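Down below is the structure, laid out as structure tokens.
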Amino acid sequence: MSMLPTLLADERVVIAGVADIDATGRDRFAADLGVPAYDRAEDLAANPGVDAVYLATPHALHADQATAALALGTHVLVEKPLSLTVEDCLAVHDASRASGAQVVVGHTHAFDRPVRMIRDIIASGRLGRVAMINSWYYGSFLYRPRRPEELDTARGGGILFNQVPHQVDVVRLLGGGLVRSVRSATFVLDLKRPTEGSHSTFLEFEDGAAASLVYSGYDRFDTDEWHGWIDENGRDRVPEHGAARRALRAAGGQDAEAGLKAARGYRGLPAGPADRSGLHQPHFGVLLVSCEGGDLRAGPDGVILYDDEGVTTVRIPCDGPFPDKSLVIDDLYRVVVLGEPSVHDAAWGAATVEVCRAIQTSAREHREVLTEHQVPVDPARRPPHPAVST
């Protein structure tokens, strides 16, 4: 539901319908906005008044729903991951090329304004080439209320297909897109939550740059502590180490957890924050990029540059909706209205899923995994079918 405030606030967007198998939330949403309701995403996509569908469904449904919408000539904005296998992602890519309708995979934190500013600084060449990218996140992901499939890796659960794609998307955007190899260790540290909850991964890019990714969702240390106690969406928060664990324990068993999860669904239109003084830029933990001529860090209020002259903060105003996902809509608008390609198309989504799968394989087989389906950041430099690295 984090996209909803942006969808409602952006004058370029007209919400034309809703589809969900949860009749209660679906019908309330339809009534609140005065739009038709559907049981299936495919029926929504078939509405002639719909230019694009936004798919925020379980991961395993993404590929089939996206392919069905594309076959109707309807553009697709789909939550990460694009699918759970590279093969399914490439099938979506082929469906997009065949129909002419486009795909945007998002939101991920690669759309955050500080990340985009870092990318712009890198692209300007003022700091020389990228050498190292570090992305570290510790939080409570595994102990927030979950459905059973969200704790089953085979069905897209755990961090590998929910949280790690944020990290992979960010470092690929900043590193040029072309990951050459992956070496990783993943961990299941709580058998009551039997899926990967943490990882430590090393990526090497085709040009020799490297990225270090660390994630832990076990609700002990929290990297918000290193970010001035500002949460992932950019709001001031109170330190609460272990609070998610304690709340889950107090709730009781699986039925109670399922109820808590259901309660997080649609319950009415968001009001937005009454006080904007505690709002900052969103983040995904610590992001630090080292270039030949300086270091760049995503800070709470912009980008912090460390170079030979000292330290400079380039501030970014918080004047959009909260949470601010407006750069996703910018991307979708360029695709649908202007006919421009998106960096985050189906080929890009396939390459990110390939890295996530390689993390899983590397950890299981204790070896380096080479990639085959990577694409560069610039869509103009991509092959028609991303079968091999270029």
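The values are calculated or read from the model by the stated rules, or taken from the named source; none is laboratory data. Given the structure is predicted, the values throughout are model-derived calculations rather than measurements. Using ideal geometry, Cβ is built from the backbone for each residue, glycine included, and neighbour counts are taken over all protein chains shown.
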Test: Q102 is of a type in the set (S, T, N, Q), assigned by TED's automatic domain parsing to the domain that holds E232 and within 30 Å of D378 (Cα to Cα): no
Residue hits (segment 158-195; among the charged types (D, E, K, R), crowded, with 24+ Cβ neighbours inside 10 Å and in contact with a helix residue (DSSP H, G or I) (Cβ under 6 Å, 6 or more places away or on another chain)) are D169
How many residues of segment 8-39 are loosely packed, with under 14 Cβ neighbours inside 10 Å and touching a Phe, Trp or Tyr at 6+ places or on another chain (Cβ under 9 Å)? The answer is 4
Per the filter on segment 72-130, residues over 21 Å from G302 (Cβ atoms) and of a type in the set (V, I, T) are T74, V76, V78, T85, V86, V92, V103, V104, V105
Within segment 83-97, can one find any residue that is assigned to a loop (DSSP other than H, G, I, E, B), charged (D, E, K, R) and touching a Pro at 6+ places or on another chain (Cβ under 9 Å)?
no
Listed by first then second residue, the pairs whose first member lies in segment 73-96 and is acidic (D, E), whose partner is assigned to a loop (DSSP other than H, G, I, E, B) and surrounded by fewer than 24 Cβ atoms within 10 Å (Cβ to Cβ), with beta carbons under 6 Å and at least 6 positions apart or on separate chains, are E79/A56
Picking from S216, S198, S212, S135, the residue that is surrounded by fewer than 18 Cβ atoms within 10 Å (Cβ to Cβ), touching a Phe, Trp or Tyr at 6+ places or on another chain (Cβ under 8 Å) and among the polar types (S, T, N, Q) would be S212
Of the residues in segment 234-259, those that are within 23 Å of the chain's Cα centre (by Cα) and part of a helix (DSSP H, G or I) number 1
Filter segment 311-335 for residues that are in contact (Cβ under 8 Å) with a residue 40 or more places away in the chain and assigned to a helix (DSSP H, G or I); the one that is farthest from L269 (Cα to Cα) is V335
Output for Cβ contacts, cut-off 8 Å, separation at least six or different chains, first residue within 30 Å of G320 (Cα to Cα) in segment 231-258, second of a type in the set (A, V, I, L, M, F, W, C) and loosely packed, with under 14 Cβ neighbours inside 10 Å, reads H241/F221
Counting only residues that are without any contact (Cβ under 8 Å) to a residue 24 or more places away in the chain and touching a His at 6+ places or on another chain (Cβ under 9 Å), segment 291-310 contains a total of 1
